[in-house]
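Here the structure is laid out as structure tokens; the discussion comes afterwards.
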Amino acid sequence: MHDESFIGAGLSSNVYLLNHDSTYYLFDASGDPGLLRYLASAGIHGSMVGGVFLTHGHFDHVAGLESLREFETPVFINEKDRTLMEETTGEYPSFMDISEANEILSMLGLVILETPGHTPGSACFYSPSESLLISGDTVFPDGYFGRTDLPGGSDSDMLESLTKLSGLRVEALLAGHGHYVESDGSRCISEALACAKSMLGH
Ligand SMILES: [Zn+2]
């Protein structure tokens with residue numbers, strides 16, 4: 001597994017790239033409609049992107065899809081977040097439900113974990129062999145977790161999702177915002193769960 005990350009400026013998610021047989025797979029698309037410019041600076045043309053996997057539908061993770069629209073790149077997101085995504089992107093013809101991503105993801109050594117709470121369709125991507133978790137806005141470094149007070153958010157779902165993630169062995173934690181955690185991501189998840197338990201008061 002080879003990945004590179006771009007840290008976007010301002011209100012923009014991190015974007016993670018995975019290269020497999022000269023095809024690139026993106027995890028989240030940032031909030032910048034000019035995403036392709038950043039990819040081009042790394043020598044990646046839009047036609048080299050084989051698919052985009054979205055952790056959820058918020059604008060700061062999906063606006064960058066605009067620059068891939070002409071390539072008809074398949075975009076995978078949980079159906080439950082489709083409406084949210086299309087508030088930013090408008091109707092997106094190459095949308096596919098995340099359940100259809102299993103084949104590509106298993107080729108990449110990843111599994112999908114549904115983790116509602118921040119949004120109804122939030123998802124994480126996990127590599128059991130590399131103990132790597134792409135966690136979107138569900139869990140961040142330093143014990144932070146995603147907001148639950150936006151439309152579609154749920155305290156109880158967030159607690160359940162963090163509990164589920166705390167059962168995984170995680171070294172690298174690749175969150176939707178903030179820095180890249182190289183080791184002991186499990187500790188970040190335990191801290192986030194403890195924090196959520198006290199803040200969300202259940
Ligand atoms: Zn979000």
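Taken together, the values in this text are just the output of simple stated rules run on the coordinates, not laboratory data. Note that the structure is a prediction, hence the values are computed from the model and not measured. Positions of Cβ are backbone-derived with ideal geometry, glycine not excepted, and every protein chain shown enters the neighbour counts.
General observations
- Ascending count of other beta-carbon atoms within 10 Å, so fewest first, for Val139, Val170: Val170, Val139
- Residues of region 68-105 with amide N under 20 Å of a point placed 7 Å along Cα→Cβ from Ala40: 68-73
- Exposure proxy ranking, count of Cβ atoms within 10 Å, fewest first, for Thr115, Thr89, Thr23: Thr23, Thr89, Thr115
- Relative contact order [Cα under 8 Å, 6+ residues apart], region 58-182, whole percent: 20
- Rounded if a/c under 1.5, otherwise prolate or oblate - region 148-202, Cα gyration tensor axes: prolate
- What separates the Cα centres of region 44-86 and region 138-175 is a distance of 22 Å.
- Distance histogram in 10 Å bins (all Cα pairs of region 3-200, percent per bin): 10, 40, 38, 12, 1
- In a fully extended conformation the segment linking Glu114 and Tyr180 would gain 21.6 nm over its present Cα-Cα distance, using 0.36 nm per residue.
- About the Cα centre, charge dipole magnitude for the chain (Lys/Arg +1, Asp/Glu -1 at Cβ), debye: 320
- Antiparallel bridges, percent of DSSP beta bridges restricted to the chain (to nearest 5): 60
- The residues packed around Gly176, meaning those with a beta-carbon under 12 Å from its beta-carbon, carry a net charge of -2 if Lys and Arg are +1 and Asp and Glu are -1.
- Packing-based exposure ordering (other Cβ within 10 Å, fewest first) of Asp81, Asp32, Asp21, Asp142: Asp21, Asp142, Asp32, Asp81
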